[in-house]
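The values are calculated or read from the model by the stated rules, or taken from the named source; none is laboratory data. All values reported here derive from a predicted model rather than from experimental measurement. Here the Cβ positions follow ideal geometry from the backbone for every residue, glycine too, while neighbour counts run over all protein chains shown. These accessible areas exclude ligands, DNA and RNA; they are computed on the full protein's heavy atoms, side chains included. Shrake-Rupley method; radii C 1.70, N 1.55, O 1.52, S 1.80 Å.
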Amino acid sequence: MERAYLSDRGKVRQHNEDSVGVFENNIGILAIVADGMGGHLAGDVASQMTISTFESLWNEVESIKGPKDAEIWFRDKVAEVNKVVYEHSLENPECQGMGTTVVGAIVTSSFATIGHIGDSRCYLLNNSGYKQVTQDHSLVNELVKSGQISREDAEHHPRKNVLLRALGTEQTVEIDVTTIEFEENDVLLLCSDGLSNKVADELMEKELLNNNNLSNTASTLVQMANDHGGEDNITLVVIKKTANDELGEKPC
């Protein structure tokens, strides 16, 4: 399993409120991207706490025997992470109202389980093409789904950044979870909206197809977002299934 990850402040923001982590154990890889929000530096706190708490929980997991276990793990553990972030915001006035998006993947040798909250995204490149796996929890996406605006209108909508769901902003939160097959040469891309808002899907697909070095791919995608304005922080994880990969347990 090849992997690369990168987080960049961008060209406009004074601080990087994104955080990223990729953690491996005998089960497989847990990759997490978190895009923080809140008052002065509070977004940093929310995203960093999210990554570090997920890391601790992943280090404690004993067994995931298949997709069902992975999905249950995500739902259970996101509740614990949400509690940590939410209670910190209550106990520290400077962090009041902070929160973060989350997109994560549990990747084994035969499947990938994706969990997300907010508008950070997961994409999959495989033999069928390039597609977005997640659906944004945003006002604009709901308007698109209901047919009130087109996808083209959504790209420039003035309320594009309004989220309907985030981790740490309320006492409880719901995570969307799905499992996909992950086969040889398949590629997963997890990213914050600093990438997806600036680089078209076709350009992301082209870069993932044309570059065999994942570190170079990550750097190029970040540069593309910066070249298109770089108004936001940019964070991504790229994971590729390689031949004869024995990482993780196979599903039952």
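Within the range 217-226, is there a residue that is open to solvent by 60 Å² or more (accessible area, probe 1.4 Å) and outside any helix (DSSP H, G or I)?
no
Given 166, 243, which one is of a type in the set (Gly, Ala, Ser), within 30 Å of residue 83 (Cα to Cα) and open to solvent by 10 Å² or more (accessible area, probe 1.4 Å)?
166
In the range 145-161, is there at least one residue being modelled with pLDDT under 95, open to solvent by 50 Å² or more (accessible area, probe 1.4 Å) and within 22 Å of residue 71 (Cβ to Cβ)?
no
Restricting to the range 203-216, and then to whatever is touching a residue at least 24 places away in the same chain (Cβ under 8 Å) and surrounded by fewer than 17 Cβ atoms within 10 Å (Cβ to Cβ), can you tell me which residue is farthest from residue 188 (Cα to Cα)?
Within the range 203-216, the match that is farthest from residue 188 (Cα to Cα) is 215.
Being farther than 30 Å from residue 241 by Cα and either in contact with an Asp or Glu (Cβ under 8 Å, 6 or more places away or on another chain) or touching a residue at least 40 places away in the same chain (Cβ under 8 Å) (or both) narrows it down to one residue among 19, 109, 89, 120; which is it?
89
Could you please find all residues in the range 1-35 being over 16 Å from the mean Cα position of the chain (by Cα), closer than 11 Å to residue 233 by Cβ and among the aliphatic types (A, V, I, L, M)?
12 - this is the single residue of the range 1-35 that is over 16 Å from the mean Cα position of the chain (by Cα), closer than 11 Å to residue 233 by Cβ and among the aliphatic types (A, V, I, L, M).
Could you please tell me which pairs satisfy a Cβ distance under 7 Å, a separation of 6+ or placement on different chains, a first residue in the range 165-187 that is under 30 Å from residue 127 (Cα atoms), and a second residue that is among the aliphatic types (A, V, I, L, M) and open to solvent by 60 Å² or more (accessible area, probe 1.4 Å)?
No pair meets every condition.
Against the definition (basic (Lys, Arg), outside any helix (DSSP H, G or I) and touching a strand residue (DSSP E or B) at 6+ places or on another chain (Cβ under 6 Å)), how does residue 13 come out, yes or no?
Against the criterion (basic (Lys, Arg), outside any helix (DSSP H, G or I) and touching a strand residue (DSSP E or B) at 6+ places or on another chain (Cβ under 6 Å)), residue 13 does not qualify.
So, in the range 7-29, of the ones that are of a type in the set (Val, Ile, Thr) and open to solvent by 10 Å² or more (accessible area, probe 1.4 Å), which residue ends up modelled with the lowest pLDDT?
Restricting to residues being of a type in the set (Val, Ile, Thr) and open to solvent by 10 Å² or more (accessible area, probe 1.4 Å), the top hit is 12.
How many residues does the range 82-103 hold that are farther than 17 Å from residue 34 by Cα and either touching a strand residue (DSSP E or B) at 6+ places or on another chain (Cβ under 9 Å) or surrounded by 12 or more Cβ atoms within 10 Å (Cβ to Cβ) (or both)?
Residues in the range 82-103 being farther than 17 Å from residue 34 by Cα and either touching a strand residue (DSSP E or B) at 6+ places or on another chain (Cβ under 9 Å) or surrounded by 12 or more Cβ atoms within 10 Å (Cβ to Cβ) (or both): 4 in total.
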